[in-house]
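The structure appears below as structure tokens.
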Amino acid sequence: MTNPFRFPEEQAQLPEPAILIIFGVTGDLARRKLMPALYNLARENLLPARFAVVGFARSDWNDGKLRAEMRRAVEAFSRTPLLGPVWEEFAQHLYYFRSHYDDAEGFRRLDECLQELDARYNIPGNRLHYVATPPVVFQQIIRHIGLVGLNRPRTPGSWVRVVIEKPFGTDLASARQLNASVGQVFSEDQVFRIDHYLGKETVQNLLAFRFANSIYEPLWNQKYIDHVQITVAESVGIETRAGFYDQTGALRDMVQNHMMQLLSLMAMEPPVALEANAVRDEKVKVLRAIKRLAPADVSKAVVRGQYGPGAIHGQPVPGYRQEPGVHPNSTTETYVAMKLEIDNWRWAGVPFYLRTGKRLPKKISEIAVYFRTPPQLLFERGEFDHAFTTNVLSIQIQPNEGISLTFNAKVPGSEMRIRPVVMDFRYGSSFGLSTPEAYERLLLDAWQGDATLFIRADEVEESWRLLTPVLETWQRMPPPDFPNYPAGTWGPSDADVLLALDGRRWRRL
Ligand code: BG6
């Protein structure tokens, strides 16, 4: 079992020999994330000597074409430059397999191909299936894997696992159905549902920060914390993904998965062990404790937005409805802000405010914990009123990863003036390492069978249970005011009102 507190470099054991099968290898995810991650693992000698990667897709490619395309992808997207000899060695292990996702005969041939590769590399039958296709074909692929027996270990002692990409369902009913289909073919301990936020160093550091230190945990509750703000802001628009995004929107794309994960890790109780099910048990409890949003609460607790034309870093950019491939009257939300309450002993009365959006002024993700004001203020606030702040602990997930604590200090001089100052920890300056990409960590964990950083079936369903009523309410009430924020601004004014009604405001980032 690997330890989520360690960098992969420090993990002593290499994964076992295995074949990784990437369904959808011609797609964006394989080029941008999976292949660069595999290349970096190879570069750091973290892959076993005996392995093969089989890319499965419908296009008319062959091994040579796959290797050439993936080389270009690694050159473009890897966090480290491509080193010729490392690439050449790695590329020898890449194979292309062409078939349709609903072709049983194709899957039978795949099985034969994998057996040949087992023999060539002396691999004992271990298989890591990676479903990296658009979600419409997830079920077909899983069903065919089962149909030809590629879900079962081929030899005693070997293993088969499956990694499933997001989005896992589009609402509660579809997530349940997908879980049921997957459950007919795989047992839950074979299934690795991915959320790449869990692979980010800073997100894992949240566990270390909370449970490897004794000074914060006593404060981590309603007695000392006033509220929490979680922001995942992006300056990019929808890039080339209109087809996907216009059907999806920000709530499904970001809130249901990434933001719910951040919230769960921030709010969960200490797990009994640093082990997959113990950690996931605690995360599920948080999700179950979040107060359900009845349809009547949705408009009070949730704000949606869509960007109009504006400017990012001084450059004009089109509005969402003008993006190529987007319906000109689209009502898809590109921004969500919401207020959630966790009804348990630790968090009763502490609002969690979440916001995420495309085309905001900058890319920044952070969790900000606002502590309560001191019980009695001894200092005149007067002139410095605006500067006085409650203590804020900011956990910056990206970029400029780190943690900072804002507190009030005396301004030097004869008067007693108070001003906020910041105590800062930055990954870059403290560790001086280029941190691994989320996918490196997650691929390695799935290969080694550690599901701590993957989503369990009940977790994904709880998250959809909470958010499906929002989607249903929105569907009944189309937004009257879209677009309601210009690109390059911090979202619709209603999001400010959401906090203002509670006497609070969003942190300036
Ligand atoms: C993906 C979403 O899951 O996360 C994208 O589909 C989004 O829309 C991306 O841009 C953000 O990830 P990161 O790692 O850049 O914060």
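Things worth noting here:
- Built from the Cα atoms of the chain, the convex hull projects on average onto 25.8 nm², one quarter of its surface area.
- Computed FRET value (nearest 0.05) for L377 with A278, which takes r as the C-beta separation and R₀ as 30 Å: 0.10
- Label point distance in nm, Q140-R346, each placed 7 Å from Cα along Cα→Cβ: 4.3 nm
- Cleavage-rule hits (chymotrypsin sites (Phe, Trp or Tyr not before Pro)) in region 277-345: DSSP loop, at most 10 neighbouring Cβ within 10 angstrom: W345
- Among the trypsin sites (Lys or Arg not before Pro) in region 345-447, those placed in a DSSP loop whose Cβ has at most 13 other Cβ atoms within 10 Å are K362, K363, R381.
- Computed magnitude of the charge dipole of region 393-468 (debye, nearest 20; Cβ of K, R +1, Cβ of D, E -1): 620 debye
- For the pair region 164-198 / region 454-508, the C-alpha centres are spaced 24 Å from each other.
- The residues of the chain present an accessible area of 43 Å² per residue when probed at 1.4 Å with all protein chains retained.
- Alpha carbon centroid spacing (whole Å) that separates region 274-348 from region 387-409: 23 Å
- Sequence-distant contacts, meaning Cα pairs under 8 Å at least 6 residues apart, place the relative contact order of the chain at 18 percent.
- For region 270-352, relative contact order (Cα pairs under 8 Å, six or more residues apart, normalised by length) works out to 27 percent.
- Residues Q315 and R476, FRET efficiency given R0 of 25 Å [Cβ-Cβ distance, rounded to 0.05]: 0.10
- Taken as entire DSSP H runs, the helices of the chain that both span 24 Å or more between Cα atoms along their own long axis and average -1.0 or more on the Kyte-Doolittle scale are 104-121, 457-476.
- Spin-label model distance (nm) - V411 vs A104, 7 Å beyond Cα toward Cβ: 7.9 nm
- Computed extension gain for S174 through R505, at 0.36 nm per residue and net of the alpha carbon distance, reaches 115.6 nm.
- Where GluC sites (Glu not before Pro) fall in DSSP loop in region 235-308, at most 13 other Cβ within 10 Å: E239
- Spatial separation of Cα centroids for region 64-123 and region 200-265, in angstrom: 34 Å
- Length-normalised contact order of region 103-197 in % [C-alpha pairs under 8 Å, at least 6 apart]: 30 percent
- Over 25 Å between alpha carbons, listed pairs K285/K362; K283/K362; K223/K358; K200/K362; K291/K362: K285/K362; K283/K362; K223/K358; K291/K362
- Residues in region 169-187 reached by a label modelled at R58 [backbone nitrogen below 11 Å; 7 Å Cα→Cβ]: none
- Potential extension, E188-K362 segment - 0.36 nm per residue separation minus Cα distance: 58.8 nm
- Legend: calculated FRET efficiency, K291 to D496, from the Cβ-Cβ distance at R0 = 25 Å, rounded to 0.05, equals 0.65.
The values are calculated or read from the model by the stated rules, or taken from the named source; none is laboratory data. Quick caveat, the model's predicted, so the values are computed rather than measured. Every residue, glycine among them, receives a Cβ derived from its backbone with ideal geometry; neighbour counts consider all protein chains shown. Just the protein is used for accessible areas: all its heavy atoms, side chains included, with ligands, DNA and RNA removed. Shrake-Rupley method; radii C 1.70, N 1.55, O 1.52, S 1.80 Å.
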